[in-house]
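Bear in mind these aren't lab numbers, they're just calculated from the coordinates by the rules spelled out. The structure displayed is predicted, hence computed values, not measured ones. Neighbour counts run over all protein chains shown; Cβ positions are idealised from the backbone, glycine included.
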Amino acid sequence: MKFFINIGHNALNTLRGIGAASIMLFQALVGKPQPRKMFPLLIRQLYVVGVQSMLIILISGLFIGMVLGLQGYTILVDFGAEQALGPMVALSLLRELGPVVTALLFAGRAGSALTAEIGLMRATEQLSSLEMMAVDPLRRVVAPRFWAGFISMPLLALMFSAIGIYGGFLVGVEWLGVDDGAFWSVMQASVEWKNDIFNGVIKSLVFAIVVTWIALYKGYTAAPTSPGISAATTQTVVYSSLAVLGLDFILTAVMFG
Amino acid sequence: MDNLVEVKDIYFKRGETLIYEDVSVQVPRGKVTAIMGPSGCGKTTLLRLIGGQLKPQRGSIRFADYEITELGRSQLFEARKRMSMLFQSGALFSDLTVFENVAFPLREHTDLPANIIATVVKMKLEAVGLRGAGSLFPQELSGGMARRAALARSIALDPELIMYDEPFAGQDPISMGMLVKLIRSLNSTLGLTSIVVSHDIHEVMSIADHVVILANKTVVGQGSPEELKRTGNDLVQQFLNGEPDGPVPFHYAASKYENDLLAGGHGK
């Protein structure tokens, strides 16, 4: 009996959390636009959330592309199909690894930072003081960070894929000797604009919404103590990683299934 | 007497804990009202209720022409433009300089040109003695300076009501003296109404016109400092004189001492 009570209790809490998070996002994003005030805030957040995540994304992308080139080559060469290395690297990156790994890295790099920053603003009463100054912290603090995540994640994912393809090229063509022309021309022939690139971008947009939303909500509702903020930061990374992987399966099934 | 804030019969519960039962507090306009009481009696909560950050389950809170408990989000923001709160931590924005912190409410709520904003900010900083510290960041300030900078920010928009949450907590005697003087002088020069939450009895009693003492979830005494010293009940007297034992017992409720010791066993 207790088991069922616990299930019900947890389900209710989860639903309540989702409801509260939706209300938070709604209040942050819906309202009279104030472009003159919002624009500088957005630019600043784009720098913090996007530009500062670029290095880790580029380095990871390069290595993942190189590994793909190496693994792909050793498998394909047995079948004499090493010309297919180009599309293999490009499609795995554009469809899957680009959006997914970018989202996971983004959750670890930018998501956790957002949670900790907003949690600390709560703990040091900065959010309350904004409220008391008649400035809505949802519009002022949450909204620009959300849009910054939404804009930067797809761009980061594209950069990830691009440098990954270059990594695959370095290993496959420069090092292992796959034919240069075949690598690029077969890739060009098999990667489709709508099916592969566009769908990958859609995936990143979905991941961007989910990861940034979780990070912001966890920060905004973090208990204003050191264990509270530390727990919220951990939850951000765990929940957003799980959400990204779960959603990736659903999106893949819908898009390519 | 004309009251700027009138709290009437509020009942407030946070989670399962009852904080207030039928609390009524009047804050006369143009005066310094002190709210005192033992730690944990919900003094800060009262400020948050007046500011509309919390909502009581029952009762009414009037500020100027607003009934705070019934306001929607946007009306609440309108009402808050006329009040201001100095937080215990100061709550300065750590990524902005002192000057920018004070300019922040002006930039948010007015369309004043930059040179006028600069003038206003300098005047406010001068009022708290920090005109020379405008370019410093909050982390470069001492605790007392941070609180004064926050005070400059709270008066930037010339509010009608300013609420101080424990302004003297953790201050050295010099900063304490400065803050006491500032609270009193700002109140008279700017025609403010102030609410000071504190338990530094001597400092508060020296500047307050009206004192409210909260304890046991309700108001146990309310009046001018002289009235309270003269006529307050036992609890008020214990509090004002800082007696270690009295209506608020020294011992936390427990079973009989001798029974507890003789019962043996481990701990508990």
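With n ≥ 4 as the cut-off for DSSP H runs, can you work out [θ] at 222 nm for chain A, using -39500 (n - 2.57) per run divided by the number of residues, rounded to the nearest 500?
-24500 deg cm²/dmol
Restricting to Cα pairs below 8 Å that are 6+ residues apart, what does the relative contact order work out to for the stretch A:31-256? Please round to a whole percent.
Reported as a whole number, the value is 35 percent.
Where does helix A:226-256 land angle-wise versus the long Cα axis of chain A, in degrees 0 to 90, nearest 10?
Its long axis makes an angle of about 50 degrees.
Along the Cα→Cβ direction, 7 angstrom out, place labels at residue B:118 and residue A:71. What is the inter-label distance in nm?
For residue B:118 paired with residue A:71, the spin-label model returns 6.0 nm.
Output the 0 to 90 degree angle, nearest 10, between the alpha-carbon long axis of helix B:98-109 and the longest principal axis computed from the alpha carbons of chain B.
Helix B:98-109 and the main axis of chain B meet at about 80 degrees.
Could you please rank B:62, A:44, B:73, A:145, placing first whichever residue has the fewest other Cβ atoms within 10 Å of its Cβ?
Least to most surrounded, the residues fall as B:73, A:44, B:62, A:145.
Given +1 on the Cβ of Lys and Arg, -1 on the Cβ of Asp and Glu, and no further charges, what dipole in debye does the protein assembly as shown carry about its Cα centre, rounded to the nearest 20?
Value, rounded to 20: 840 debye.
Which of these, B:81, B:256, B:13, has the largest mean-square fluctuation under a Gaussian network model of chain B (Cα springs below 10 Å)?
B:256
Pick out, in residue order, every one of the GluC sites (Glu not before Pro) in the stretch B:94-180 that is DSSP loop and has at most 11 other C-beta atoms within 10 Å; say none if there are none.
none
Along the stretch B:53-62, what does the Karplus equation 6.51 cos²θ - 1.76 cosθ + 1.60 (θ = phi - 60°) give for ³J(HN,Hα), rounded to whole Hz, x for Gly and Pro?
3J(HN,Hα) across the stretch B:53-62, in whole Hz: 7, 10, 10, x, 6, 9, x, 10, 10, 9.
At a temperature of 10 °C and a viscosity of 1.306 mPa s, determine how fast the stretch A:31-256 diffuses translationally according to Stokes-Einstein, using the Kirkwood radius over alpha-carbon pairs as Rh; express D in µm²/s, rounded to the nearest whole number.
Estimated via Stokes-Einstein, D reaches 85 µm²/s.
Non-local amide H neighbours of residue B:224 (under 5 Å, H modeled in plane, Pro and chain starts lacking H): which ones?
B:211
For helix B:143-154, report the angle its Cα long axis makes with the longest principal axis of the Cα atoms of chain B; keep it between 0 and 90° and round to the nearest 10°.
The two axes meet at around 60 degrees.
I need to check one value: relative contact order of the stretch B:3-225, counting alpha carbon pairs closer than 8 Å and at least 6 residues apart, in percent.
29 percent
In what order do A:218, B:124 fall by count of nearby beta-carbon atoms within 10 Å, going from fewest to most?
Fewest-to-most ranking of A:218, B:124: B:124, A:218.
Measure out, as a whole number of angstrom, how far apart the alpha-carbon centroids of the stretch B:63-86 and the stretch A:89-149 sit.
The distance from the Cα centre of the stretch B:63-86 to that of the stretch A:89-149 comes to 29 Å.
Calculate the spin-label point distance for residue A:58 paired with residue A:2, positioning each point 7 Å from the Cα along the beta-carbon direction, and give it in nanometres.
5.6 nm
Among B:36, B:123, B:205, which one moves the most in a GNM of chain B with springs linking Cα atoms closer than 10 Å?
Looking only at B:36, B:123, B:205, the biggest GNM fluctuation is shown by B:123.
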